Amino acid sequence: MCEYSYNGTALSGGLDTSIVNYISSNQEKNFESVSVGFKESSLEDLDYARKVADELEIENHIRTFNFEEAKEAAEKVVGILETFDPMEIRNSTALYFMLEKAKELGIEKILTGDGSDELFAGYSFLYELSMEKLPESLEKIWKNMSFSSQPIAESIGIEAKLPFLSKDFKKFAQNIEPEFKVGRRKGEKIGKWILRKAYEGRLSDEIIWRRKAPIEVGSGTTIFPKKFESEIEDDHFREKKKKIEKEDNVKIRSEEQLFYYELYRSKFGVPETEDAEARTCPYCGTNLSEKTSFCRTCGNGVKEK
């Protein structure tokens, strides 16, 4: 799976990056791993990352960041991804710091764990589906999946490689029957079953059976909404929200999104409807593909046609 040339790996201590690091450590390659966390959080990922690094005896570098740094990085992320979707920016801000640290270390090509959850039903909204409905949902995701690690890495001047999405492995994974992707442990459904069983005994049980933690949870950026709420006064938010809806026809739903939208607007202007006849987002006015269920520009869920 890791047939790429590389000299660095991302390491969150989750199943996917731990597998990538396990394989890399057995290829006798000279590489360094990088982990990231928000200083004001519990730093959940860093605890697991250290355990994996110790188990595999690999060098691990840690980058922690504060809220002021995060806001500065968010401006860059908004510019790279052209979005003011809060969840996307929370996730991608953590990735930005990880990739920036990699660049600092002289890493030119870095492996990530992207794609595993999409291929192996790692998300709860997938593994909770019936075996009859799961294939259709997976195929829909496969047609639309994209990962911010690659454009962010490119903007920084390095390359992010996604081994789970290498041509042969992706084809192999897509042909695995759903019942091998979802299993039960201690009476509860869990995704990525075949991956967990394949590396059982190779990685510690603590890592193998760790529940999926989104980047924003593991890195700690999930507390950003509360941070923005504490910084932006209610009256100011209501006034701004009302003004933006009236003047830009954009519906802002939170203080956090307001911060990102103002960054977006300063770089790209008001979101535009390029084709008035095509489907548009009811929250920001940008055009949508016919089958999408969310808007990539503002992050709102929309009803599928």
For this session: Determine which single condition ARG238 fails, assuming it passes every other condition in (1) under 21 Å from TYR260 (Cβ atoms); (2) assigned to a loop (DSSP other than H, G, I, E, B); (3) of a type in the set (Lys, Arg).
Result: (2)
Exercise. Assuming LEU129 fulfils every condition listed in (1) in contact with a helix residue (DSSP H, G or I) (Cβ under 9 Å, 6 or more places away or on another chain); (2) in contact (Cβ under 8 Å) with a residue 12 or more places away in the chain apart from one, which condition is it?
Worked result: (2)
Exercise. Looking at region 55-64, is at least one residue within 30 Å of LYS267 (Cα to Cα), assigned to a loop (DSSP other than H, G, I, E, B) and not hydrophobic (A, V, I, L, M, F, W, C)?
Worked result: no
Exercise. What do you reckon, is GLU247 in a helix (DSSP H, G or I), of a type outside the set (S, T, N, Q) and touching a residue at least 24 places away in the same chain (Cβ under 8 Å)?
Worked result: no
Exercise. Any idea which residue in region 190-218 is modelled with the lowest pLDDT, counting only those that are loosely packed, with under 15 Cβ neighbours inside 10 Å and under 18 Å from LEU126 (Cα atoms)?
Worked result: ARG211
Exercise. Which of the residues that make up region 251-272 are open to solvent by 20 Å² or more (accessible area, probe 1.4 Å) and either among the acidic types (Asp, Glu) or outside any helix (DSSP H, G or I) (or both)?
Worked result: LYS251, ARG253, SER254, GLU255, GLU262, GLY269, VAL270, GLU272
Exercise. For ALA94, which of the numbered conditions (1) open to solvent by less than 30 Å² (accessible area, probe 1.4 Å); (2) in contact with a helix residue (DSSP H, G or I) (Cβ under 6 Å, 6 or more places away or on another chain); (3) not in a helix (DSSP H, G or I) fails to hold?
Worked result: (3)
Seminar exercise, completed: Within region 74-87, the residues that are in contact with a Ser or Thr (Cβ under 7 Å, 6 or more places away or on another chain), buried (at least 20 other Cβ atoms within 10 Å of the Cβ) and outside any loop (DSSP other than H, G, I, E, B) are ALA74, VAL77, LEU81, PRO86
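The values are calculated or read from the model by the stated rules, or taken from the named source; none is laboratory data. Given the structure is predicted, the values throughout are model-derived calculations rather than measurements. So basically every Cβ, Gly included, is an ideal-geometry build from the backbone, and we count neighbours across all protein chains shown. Protein only, heavy atoms only, side chains kept; ligands, DNA and RNA dropped before computing areas. Shrake-Rupley method; radii C 1.70, N 1.55, O 1.52, S 1.80 Å.
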